[in-house]
Amino acid sequence: IPVLRPRPVLWQSRFYNPFVVALVVITTVGILAMIVGLLIHFLAFDKKTYFYHSSFQILNVEYTEALNSPATQEHRGLSERIESMITNAFRESNLRSEFIRTHVVKLRKEGSGVIADVVMKFRSRKRSNRGLMKNRIQSVLQRLSNSGNLEISPSNEITSITNQDTENFLTQECGARPDLITLSEERVIGGIQAETGDWPWQVSLQLDYVHHCGGVLISNSWVLTAAHCFRSYSQPQQWTATFGVSTIRPMLRLKIRAILAHTNYSPITRDNDIAVVQLDRPVTFSRNIHRVCLPAATQSIIPGSVAYVTGWGSLTYGGNTVAALQQGQVRIISSDECNEPAGYSGSVLPGMLCAGLPSGAVDACQGDSGGPLVQEDSRRLWFVVGIVSWGYQCGLPNKPGVYTRVTAYRDWIRQQTGI
Ligand code: 4AZ
């Protein structure tokens, strides 16, 4: 007689099947992970950036010509006061976690007073209400009108703008690098190879389509460079200027209309090694091509401060120029130190500026000539303080790069170009 085993046993053994248990555990963990992931996504990453523009009327500051150039202490001081007033207002408001950064794009004249064009960046949840956001920003700015010692007209309207608009505002002004163009929080300059748009004012001056010297864009039609680049080749027709980080695949190539080298340039002392080159037509400024700021004649260049030199020059003395733009971080060296017997023993003249590292490791070299030495100011605008001019070979200790001191030629530049 067959004995039938009761079915439940079979069912039970199946229930405790280790594969089924594993499946259930994995599914549960998977679902939990998805829930956590979605939570993180919606709480932290489901954010979008918003840009706004506003024009603030400053009632208690009288407009002067000094406010016209970002190189003056007046412009820098007033812009900083406006930027910190706005920043503080948002930091103390319920928008503190949404507010990223603000920048005064321009100061302009209105009657006898001043109008400041300002851009602001916020980050908030993707599905947050834009109209509500705008109202909240407006109400924070409204309260601004009677805080601090700047009197700001309370009637300022804010306009929602795109990141392209923000980019356009900033690339029309001088000296903005990518971090400022996007109003981003962090700024990083790493490595030695420049990336697209990193040094948007860098120019390659080419003789018969071959890179010969560096240069720097100081307006939409003028390039600042070194006089010694044109010693043997002074005909504008032989030259072209290219833009973009690659000299072999440039983003833009333009003919040269005129070359104005300093008439007192001396090949023996290398004094007055400066020239301005006029482009055949003005360039349209964009994210990747726009001008650097020129410093005021009175700007002091502080020994020990950080500067960057950029160019397509050789990586070793006697080597070949390179196709990809290189960048190097150096420090300003005082002329007294540079003129010591172990250094250049008195050859560094008042119109020159030394920059390098004690070890020598980072330096300009052949083919970098005419290119810029730049420094960043407190508002993250970049100024050309030097033009690569000369040095004893490259990268040797006590033999730093010598640059034309741009502040010493600020008036010469104005006389030649009107800038
Ligand atoms: C040059 O021959 C050159 N180390 C440029 C810069 C320096 C040396 C030489 C500075 O164009």
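The values are calculated or read from the model by the stated rules, or taken from the named source; none is laboratory data. Computed from a predicted structure; not experimentally measured. Neighbour counts are summed over all protein chains in view; Cβ atoms, including those assigned to glycine, are modelled from backbone coordinates with ideal geometry. When the accessible area is computed, the model is the full protein with side chains, heavy atoms only, and any ligands, DNA or RNA have been set aside. Shrake-Rupley method; radii C 1.70, N 1.55, O 1.52, S 1.80 Å.
Filtering the stretch 68-84 for residues that are surrounded by fewer than 20 Cβ atoms within 10 Å (Cβ to Cβ) and hydrophobic (A, V, I, L, M, F, W, C) leaves an empty set.
The sole residue among ARG231, ARG291, ARG270 that is in contact (Cβ under 8 Å) with a residue 12 or more places away in the chain and surrounded by fewer than 19 Cβ atoms within 10 Å (Cβ to Cβ) is ARG231. Scanning the stretch 214-249 for residues that are under 28 Å from THR171 (Cα atoms) and in a loop (DSSP other than H, G, I, E, B) returns ILE218, SER219, ASN220, SER221, ALA226, GLY244, VAL245, THR247, ILE248, ARG249.
Table: residues versus (1) out of contact with any helix residue (DSSP H, G or I) (no Cβ under 6 Å at 6 or more places or on another chain); (2) open to solvent by 10 Å² or more (accessible area, probe 1.4 Å).
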position: PHE285; (1), (2): no, yes
position: PRO303; (1), (2): yes, yes
position: ALA307; (1), (2): yes, no
position: GLY319; (1), (2): yes, yes
position: ILE333; (1), (2): yes, yes
position: SER345; (1), (2): yes, yes
position: GLY371; (1), (2): yes, no
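Considering only the stretch 98-110, I want to know if a residue exists there that is open to solvent by 20 Å² or more (accessible area, probe 1.4 Å) and of a type in the set (Ser, Thr, Tyr). Checked the stretch 98-110: no residue is open to solvent by 20 Å² or more (accessible area, probe 1.4 Å) and of a type in the set (Ser, Thr, Tyr). Looking only at residues in the stretch 373-409 that are away from the ligand (no atom under 16 Å from the Cβ) and open to solvent by 40 Å² or more (accessible area, probe 1.4 Å), the one that is nearest to CYS293 (Cα to Cα) is GLU376. Where strands (runs of 3 or more DSSP E) fall entirely within the stretch 325-419, those with at least 1 residues that are among the basic types (Lys, Arg) are at 326-333, 401-405.
Annotation note: of PRO267, PRO282, PRO303, the sole residue that is farther than 30 Å from TYR392 by Cβ and part of a loop (DSSP other than H, G, I, E, B) is PRO282. Residue check: is TRP412 at pLDDT 95 or above, within 7 Å of the ligand (Cβ to nearest atom) and more than 20 Å from ILE302 (Cα to Cα)? In short, no. Residue count for the stretch 200-213, restricted to those that are open to solvent by 10 Å² or more (accessible area, probe 1.4 Å) and either part of a loop (DSSP other than H, G, I, E, B) or not hydrophobic (A, V, I, L, M, F, W, C) (or both): 4.
Can you spot a residue in the stretch 187-195 that is under 22 Å from PRO70 (Cα atoms) and either at pLDDT 95 or above or open to solvent by 10 Å² or more (accessible area, probe 1.4 Å) (or both)? The answer is yes; a qualifying residue exists. Please verify whether ASN149 is part of a loop (DSSP other than H, G, I, E, B) and within 20 Å of PHE56 (Cα to Cα), treating the condition exactly as stated. So ASN149 passes the test.
Can you find a residue in the stretch 355-364 that is in contact with an Asp or Glu (Cβ under 9 Å, 6 or more places away or on another chain), within 11 Å of the ligand (Cβ to nearest atom) and of a type outside the set (A, V, I, L, M, F, W, C)? Yes, the stretch 355-364 has at least one match.
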